[in-house]
Structure formats: structure tokens, C-alpha cells
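Below is one structure, written out as C-alpha cells; the observations come after it.
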Amino acid sequence: MMEYLVILLDDTAPSYCAYTVPPRERRLISTEDLKAGITFALKENLRVQFVCPEYALPPEYRALMETVEHSRIQTADCAERGTEVAVFNRWDSLEGYPYAPETAYILRTGKEEFFRQYPQIAGILERVARLNVIITDIETFGEEDFSRYAAALRILSGSVLTLFLQGKRPQLNLLTDRLMLEEMNNCNAGWKSITLAPDGRFYICPAFYYENEPKCVGSLKTGLHIGDACLYRPDYAPICRRCDAYHCRRCIWQNKKTTLEVNIPSREQCVTAHIEREAARCLLDELHKHGLFANREEIKELSYLDPLDTMD
């Protein structure tokens, strides 16, 4: 059941996930399409997320946005007071940034930058309510990268544990999300969310709009038409429905790019998610030793990192 409508306000609106926005000229969604998109959301009882460009929007656009309850996604450099989600694309922007308590932050990074810079994350967690780290080239992970990733998460886990022992409640998607979840909470594009692009058409998510051959799933004029819509649901994913790495991104776009199927994740997605799961399991064990998270059941230890290894 759809819950969210993501509205890209401009072709240059920033990425907040693994996809990259290609160089493009500014193109604002028309006021007519913006108004129609808001009306669509209201009729379908969808929560609206506006992805805002880096330049100031015209007054008439801001006025239209205020006609519906919404959240805003912006680059951290341009985030305004009250912005719900701010995106960093560079590690050097993190230090000295005026973090706001009401804002969740996303850091997009390649794997090599992550392996060099991840110790910075501990200091950031002391200053923000939530940090999501998105590794944008997860499909390039090899066996050595998996080992490096596990080692990095062990170190970050120690920092997160220290913060908990200090009475703080850090949220880092790579480690703490699995502590809180009892069911899958993933990307959910095409199932719980859909994107309206500046061309007035619907797309499964922004990544599909920015492809060389964009594939829309309807328009404001013709309506929303998702072929094989059930395939976007985790209960129709043969691997995911048996998995308890509930925090896994399960990125629909990366699935399609790497396995050619929207409901089958790549090995790289599965293994990194299980490395995170194992790090969360160990963190929870340590928290239990200190009397924290006593109401959370322990996470079962697994003998594998790739769920495909268990399938006949």
C-alpha cells in the first residue's frame, strides 16, 4: 500500500540514496504539475517528501508546498531551518557543520572514502539525532572489502556503545537500525513510495528517472500504472522474505542494475547487510551486559553472510 509520494522539484535535485544525479540544466517542475502532484497525494492519502534543488525556489512554489504537510530533503549546504533530511556528499563538510537537532543527516560516500574516513562518524553521532551512511558503490565490494567493512563496523560499534553508556541514544543506520526492527523496513520503492519527476511522470524511484533510458510508470494525466506491482513487495522476494536483516536497504534500483530483477538483491547487498547484522548482534550483546535494551531479544547468530548459501 502506497504511503509516500516523493516529488523531485528540479532535475538538479540532489541524490539522497545510492544513485548519482547526472549533470543537467535546471528544470523546475511546472506549477501545474506540482499542484496536480499535491492533489494526487491528498486524494491517495500519501505523505509528501519534496526533494529541493540547491537554489532558492520561487515564492509561488514555496506557497504551493505549504498547502500540504510535507518533509524536505536538501543538501546540507542549503538546508533551511526545519529541514527534515539534509544530505552530505563530502566528508570535509562534516567538520564544523551547524547541526540541527530536528534534522536527520545522510552521508553519501564511496567505499574507499568510507574506509579512510569512517573514524569521523563517532564524533558526528555525538551531535546529531540520526546519521544514515549510504555507500554508493556497494556493487563493487569484493572479499577484501567485506573484511575491511566488518573491521570498520567493529570499531564504530565500540564508539556507539560508549555513547549509549553515557546516556545518549545515537542512531546510525549501519548499526542501530537492526536493534529496533522486528520486520523488514527497506527502500520500499514501488510498494510504499513512488516518485513524481519534473517531467510530470511517475517513476519507481528517482534513480529510474535519471537513467539513460528512463522508464516511467504512469503520469499525472494517465494515472499510476506499475506492472507486476507485487514484485516490489518483500513477501514476493524469495530471498528477502526468509531473511531477518530487517535493516537492509534492499535497493530496488541496485537489484535491477545487478541482477536484472527488482526483487532479487545482489550478493554485495546481501553480504554487507549481514555484516551489519552481525555487528548489531554483537553490539546488542554488549548493551545487554550493561542492562541496556533489556526488552530487546538477542539477535540470533548465523553461520553465513550470504543467504543464497542456505537455499537449495
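Quick note: the coordinates plus some simple rules give every number you see, no bench work behind them. Since the model is a prediction, treat every value here as computed from it, not as a measurement. Neighbour counts run over all protein chains shown; Cβ positions are idealised from the backbone, glycine included.
Select from region 20-69 those chymotrypsin sites (Phe, Trp or Tyr not before Pro) which occupy a DSSP coil region and have at most 11 other Cβ atoms within 10 Å, ordered by residue number.
Listed in order of number, the matching sites are Tyr55.
Could you work out the Rg to Rh ratio of region 49-93, with Rh taken as the Kirkwood radius (inverse of the mean 1/r over all Cα pairs)? All intermediate terms of the calculation are to be shown ahead of the outcome.
Numbers: Rg = 11.3 Å, Rh = 11.3 Å.
Ratio of gyration radius to Kirkwood radius for region 49-93: 1.00.
For all pairs of alpha-carbon atoms in region 89-140, what percent lies in each bin of width 5 Å, listed from the first bin to the last filled one?
Reading the bins upward from 0: 4, 20, 33, 25, 12, 5, 2.
Dipole of the chain, Cα-centred, from +1 at each Lys and Arg C-beta and -1 at each Asp and Glu C-beta, to the nearest 20 debye?
Details: 37 positive and 46 negative charges, 90 e Å.
The dipole magnitude comes to about 440 debye.
Please give me, ordered by residue number, the trypsin sites (Lys or Arg not before Pro) of region 153-258 that lie in loop per DSSP and have at most 12 other Cβ atoms within 10 Å.
Details: sites: Arg154, Lys168, Arg178, Lys192, Arg201, Lys215, Lys221, Arg241, Arg242, Arg249, Arg250, Lys256, Lys257; in loops: Lys168, Lys192, Lys215, Lys221, Arg249, Arg250.
For trypsin sites (Lys or Arg not before Pro) across region 153-258 that sit outside H, G, I, E and B with at most 12 neighbouring Cβ atoms in 10 Å, the list reads Lys168, Lys215, Lys221.
Taking the C-alpha atoms of region 188-312, how large are the radius of gyration and the largest Cα-Cα span, Dmax, in Å?
18.0, 58
Give or take rounding to whole Å, what are the principal axis extents of the alpha carbon atoms in region 192-241, in descending order?
Largest to smallest, the principal-axis extents are 35, 23, 16 Å.
Can you tell me how much longer the chain between Arg116 and Ser147 gets when fully stretched, taken as 0.36 nm per residue apart minus their C-alpha distance, in nm with one decimal?
Values: separation 31, 0.36 × 31 = 11.16 nm, distance 1.44 nm.
Between Arg116 and Ser147, full extension yields an extra 9.7 nm.
Going through region 232-284, which GluC sites (Glu not before Pro) have at most 16 other Cβ atoms within 10 Å and a DSSP loop state? Let's see the in-between values first.
Details: sites: Glu261, Glu268, Glu276, Glu278; in loops: Glu261.
Here the sparse-neighbourhood loop sites are Glu261.
Could you state the orientation-averaged shadow area of the convex hull built on the Cα atoms of the chain, in nm² to one decimal? Provide the component values of the computation, followed by the final result.
Values: hull surface 66.1 nm².
Result: a mean projected hull area of 16.5 nm².
Count the net charge of all other residues whose Cβ sits under 13 Å from the Cβ of Leu231, scoring Lys and Arg as +1 and Asp and Glu as -1.
Numbers: positive: Arg233, Arg241, Arg250, Lys256; negative: Asp228, Asp235, Glu261.
Once all neighbours under 13 Å are counted, the net charge is +1.
Grab the eigenvalues of the alpha-carbon gyration tensor for region 1-158, scale each by 5, take roots, and send me the semi-axes largest first in whole angstrom. Don't jump to the answer; show the numbers that get you there.
Values: eigenvalues 207, 57, 46 Å².
With the √(5λ) rule applied to region 1-158, the semi-axes are 32, 17, 15 Å.
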